[in-house]
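Everything below concerns the one structure shown next.
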Amino acid sequence: MDTLTRVEDGVLAARAADGDERAFAVLVRRHSGYLIGFATRLLRSRADADDCVQEALIIAWRRLPELREPDRVRSWLSTIVARKATDRLRSAAPTAPIEDTEPEALQPTPDESAVASSQLDMLRRVLDELPVEQRTTWLLREVSGYGYDEIARELGVSATAVRGRLARARATIYDRMKEWR
């Protein structure tokens, strides 16, 4: 049995950041089930979730030296997966049988499309500027639909801390997005 399987996430993440592929492989085995479940919940497709997680893990491997809190590697990976899932959702074309749609009613006008795209771009910028703890909490709540207790368990904090982080994230987003209301 590989002795790395008993090593804590923070140590594995630090070793992986230094180029230890075996340590990264243990992290992947340890967290891939959760990440795939998380992505499946966001994307509602196991195949898309698998692709999303694979892309996220490639990004994670490249960016591991940027990880500031190695003990929080699971939350960091979840944030990368959430971003990749958001990218997929944004780029996905709606699919519906032709006979079931009324093109005039379903198709946004060019102006509406431009506004929606600008809103999403602004939201992404605001989310990128949030502290990682607030961003992860917001994504787990607003994108994944997790409850406060689920988020608290996932992040290893109290439900009160989750409420505080979420309140601060929402206040920042509300303030920065007020031009779009």
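Distance between the modelled labels on Ala116 and Ser45, one decimal in nanometres: 1.7 nm (7 Å Cα→Cβ projection).
Under the criterion of Cα pairs below 8 Å and six or more residues apart, the relative contact order for the stretch 114-180 equals 37 percent. A 1.4 Å probe run over the protein chains yields, for the chain, 60 Å² of accessible area per residue, whole-number rounding.
For the chain, relative contact order (Cα pairs under 8 Å, six or more residues apart, normalised by length) works out to 19 percent.
Over the residues of the chain, the helix contribution to mean residue ellipticity at 222 nm works out to -22500 deg cm²/dmol, using -39500 (n - 2.57) for each DSSP H run of at least 4.
Distance between the 7 Å Cα→Cβ label points at Glu66 and Asp149: 3.6 nm. Asp121 exposes around 60 Å² of accessible area when a 1.4 Å probe is run over every protein chain in place. One quarter of the surface of the convex hull around the alpha-carbon atoms of the stretch 1-93 equals 5.9 nm², the direction-averaged projected area.
In what sequence, highest mean first, do 36-49, 151-164, 128-141, 73-86 appear when ranked by Cβ atoms within 10 angstrom?
73-86, 128-141, 36-49, 151-164
Here the accessible area of the chain is 51 percent carbon and sulfur, with a 1.4 angstrom probe and all protein chains present. Label positions at Tyr174 and Arg29, each projected 7 Å from the Cα along the C-beta direction, are separated by 4.7 nm. Can you tell me the orientation of helix 159-176 relative to the chain, as the angle in degrees between its alpha-carbon axis and the longest Cα principal axis, to the nearest 10? Value to nearest ten degrees: 40.
The values are calculated or read from the model by the stated rules, or taken from the named source; none is laboratory data. As the structure is a computational prediction, the values presented were derived from the model and not from experiment. When we count neighbours, we look across all protein chains shown, and the Cβ atoms used for this are built from the backbone with ideal geometry, even at glycine. Protein only, heavy atoms only, side chains kept; ligands, DNA and RNA dropped before computing areas. Shrake-Rupley method; radii C 1.70, N 1.55, O 1.52, S 1.80 Å.
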